[in-house]
Amino acid sequence: MRAATLKGAQRALMSACMPAPVAARARTLASASPAVCSCSYSSTSSSSSPLATLGSSLGLCGRQQRPFARINSSSSARSRRALRPLATAAVEARRGPAAPAKDQVLTSDPANNVTEYIYSKMGINLHHQPNHPIGIIKQAIYDYFEQGSPGVFKAFDDMYPVVACTANFDEILIPADHVSRSPNDTYYVSADKVLRCHTSAHQAELLRTKQPAFLVTGDVYRRDSIDATHYPVFHQMEGVRIYGPADWEAAGLEATAFAERELKSALEGLAKHLFGDVECRWGLAKHLFGDVECRWVDAYFPFTEPSFELEIFFNGKWMEVLGCGVMEQVILDKNYGEGHKAWAFGLGLERLAMVLFDIPDIRLFWSDDDRFLKQFKAGDLNSKFKSYSKFPPCYKDMAFWVSPEFTENNLCELVRGIGGDLVEEVVCIDNFTNPKTQRTSNCYRITYRSMERSLTDEEINGLQARVRQGVAEQLKVELR
Ligand code: DAH
């Protein structure tokens, strides 16, 4: 059933959501990039269309370790929204002309769990800003692929971020019961449409356009925890390259072995291009070259076999920066045609940029403070972020008896919606179960800190009071 009906569904999605055929929005890296480097990808159609637009955890894998929790998305969405501040004029000013219309994203559909806060991030398109770290790293990756394979890769970076569930999940073989489909993890616009949670959502659609190699950059959306490396909106780049029998025969290799070899060499080359003297060895637990420690680990993704992840050691922790593998044959056969082999990867631009530019907190990418923005320049991969000031954190703890409906993602969504980017971290610091009543109490520590100014007690107390009220009213828990 999948091949025929999904094609139909996908066409319907494209005509409903997309301003122009995919082919019209692609740019060959070569033609857009005369000198191969530092070209700026001005969008081909986004400015002319009100609908064309935009773009971690790379967390499909992270999520697999989490419980598959469900919330009553309709009632919680309504009540959460009541607490959201409306998008300010400043937010509106940052949106590009191609931001999705509000009524296409914040709908009264019972499945809708998108918030004002999330909508306020749509259309900003950090990857379209040439002097922004996200724009710089996108361009550096485009340059790398163009230099290695001139004229081969086509770049897409204004694909519409609202996609059909078929595209986000089914067409790339994400099982019906996979945790990433939960409204606890993903933003639903309606029962059959989501804010893409990864750029892999465009894989099948682009395969059908018969592009033999492409890169897709965009903003992606996930309900998730709050800390220095997690933010509910971030940017990914998807890369795909397809080969024919002549390619693996010339190399004297079997097709999968050939694709795997090409994938590894492409991504190791990319790591060197970005980080200089770095070598990422497969199978080693930990390796230090130059300034960056990285390791490859075996992974699982529903859409690749075999699958791998690249992790980089950053600020005391291993941080996953990309997932990749040899594309599941059925995806390629159905959407591109039989007799081929392909590799694919998906990488998190914020995380790579954090390592490259030494940016300690993912919230900084959303800052419009010149003290941040003026530190970076298109084409310059060598600048290191200099912290302009350190303001003290303010910790607030809150404990409550949890209920079966409670999830940490709902708590984080609520806290972010009230405290915005002043919230640095939300972490469970204690929990216990009363042996008599069997009720469980969790204690969360919320860290508030601005990267731009000192916060007053009054301001933090006001935010915390609203958080407490929101938690009690919306999360169906009992404050202690
Ligand atoms: N879509 C995955 C995620 O967001 C990342 C990924 C893994 C993309 C493997 C790929 C791939 O194309 O082959 O977690």
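Among 401, 446, 431, flag the residue with its Cα farthest along the positive direction of the charge dipole of the stretch 377-451, charges on Cβ as +1 for Lys/Arg and -1 for Asp/Glu.
446
Considering only protein heavy atoms and a probe of 1.4 Å, how much of the accessible area of the stretch 149-305 is carbon and sulfur, as a whole percent?
The nonpolar share, carbon plus sulfur, comes to 51 percent.
Report the full-extension gain for the segment residue 386 to residue 457: residue separation times 0.36 nm, less the Cα-Cα distance, to one decimal in nm.
On the way: separation 71, 0.36 × 71 = 25.56 nm, distance 2.71 nm.
Length gained, residue 386 through residue 457: 22.8 nm.
Place the peptides 342-355, 310-323 in order of packing, highest mean first, counting for every residue the other Cβ atoms within 10 Å and averaging per peptide.
Details: 342-355: 25.5, 310-323: 18.7.
So the order, starting with the most tightly packed, is 342-355, 310-323.
How much area per residue is accessible in the stretch 102-374 when the probe is 1.4 Å and only protein heavy atoms are counted (Å²)? Write out the running numbers ahead of the final one.
Working: 8230 Å² over 273 residues.
Result: 30 Å² of accessible area for each residue.
Around residue 315, what is the net charge, scoring Lys/Arg as +1 and Asp/Glu as -1 over all other residues with Cβ under 12 Å from its Cβ?
Numbers: positive: 317, 351; negative: 227, 293, 358, 361.
Net of charged neighbours comes to -2.
Using +1 at the Cβ of each Lys and Arg and -1 at the Cβ of each Asp and Glu in the stretch 290-338, identify which of 303, 323, 337 lies farthest towards the dipole's positive end.
Sorting the options by dipole projection puts first 323.
For the stretch 176-227, what is the relative contact order in percent, using Cα pairs closer than 8 Å and at least 6 residues apart in sequence? The partial results should precede the final answer.
Details: 36 pairs, mean separation 21.6, N = 52.
Normalised by residue count, the contact order of the stretch 176-227 is 41 percent.
Does the stretch 102-374 classify as rounded, prolate or oblate by the C-alpha gyration tensor (a ≥ b ≥ c root eigenvalues; a/c under 1.5 gives rounded; else a/b over b/c gives prolate, otherwise oblate)?
Numbers: a/c = 1.67, a/b = 1.14, b/c = 1.46.
Because a/c hits 1.5 or more and a/b fails to exceed b/c, the stretch 102-374 counts as oblate.
Between residue 469 and residue 358, what length in nm is gained on full extension when 0.36 nm per residue of separation is reduced by their alpha carbon distance? Intermediate results must be reported in sequence, preceding the final value.
Numbers: separation 111, 0.36 × 111 = 39.96 nm, distance 3.70 nm.
Between residue 469 and residue 358, full extension yields 36.3 nm more.
How do the peptides 441-451, 387-397 rank, highest first, by the average count of neighbouring beta carbon atoms within 10 Å per residue? Present the calculation step by step, with values, prior to reporting the outcome.
Values: 441-451: 18.7, 387-397: 12.5.
Per-residue Cβ counts within 10 Å, averaged per peptide and sorted highest first, yield 441-451, 387-397.
Would you work out the charge dipole size for the stretch 102-374 about its Cα centre, treating the Cβ of every Lys and Arg as +1 and the Cβ of every Asp and Glu as -1, and quote it to the nearest 20 debye? Don't skip to the end; give the middle numbers.
Working: 25 positive and 41 negative charges, 46 e Å.
Value, rounded to 20: 220 debye.
Considering only the other residues whose Cβ falls under 13 Å of the Cβ of residue 348, what net charge follows from Lys and Arg at +1 and Asp and Glu at -1? Intermediate results must be reported in sequence, preceding the final value.
Details: positive: 138, 222, 351; negative: 219, 224, 238, 309, 311, 320, 350.
Every neighbour counted, the sum reads -4.
Under a point-charge model restricted to the Cβ atoms of Lys and Arg (+1) and Asp and Glu (-1), what is the dipole moment magnitude of the stretch 394-479 relative to its Cα centre, in debye to the nearest 20?
Details: 10 positive and 14 negative charges, 60 e Å.
Magnitude of the dipole: close to 280 debye.
In a shell of Cβ-Cβ distance under 14 Å around residue 402, excluding residue 402 itself, what net charge do Lys and Arg (+1) and Asp and Glu (-1) give?
On the way: positive: 439, 476, 480; negative: 405, 408, 430, 478.
After counting each charged neighbour, the total is -1.
Ranked highest first by average number of other Cβ atoms within 10 Å, how do 466-473, 410-417 line up? Could the numbers behind the result be given before it?
Working: 466-473: 17.1, 410-417: 24.0.
Going by the mean number of other Cβ atoms within 10 Å, highest first, we get 410-417, 466-473.
The values are calculated or read from the model by the stated rules, or taken from the named source; none is laboratory data. Keep in mind it's a predicted model, so treat the numbers as computed, not measured. Note that each Cβ is placed from the backbone with ideal geometry, even for glycine, and that neighbours are counted across all protein chains shown. Note: accessible area is taken over every heavy atom of the protein model, side chains too, but ligands, DNA and RNA are not part of it. Shrake-Rupley method; radii C 1.70, N 1.55, O 1.52, S 1.80 Å.
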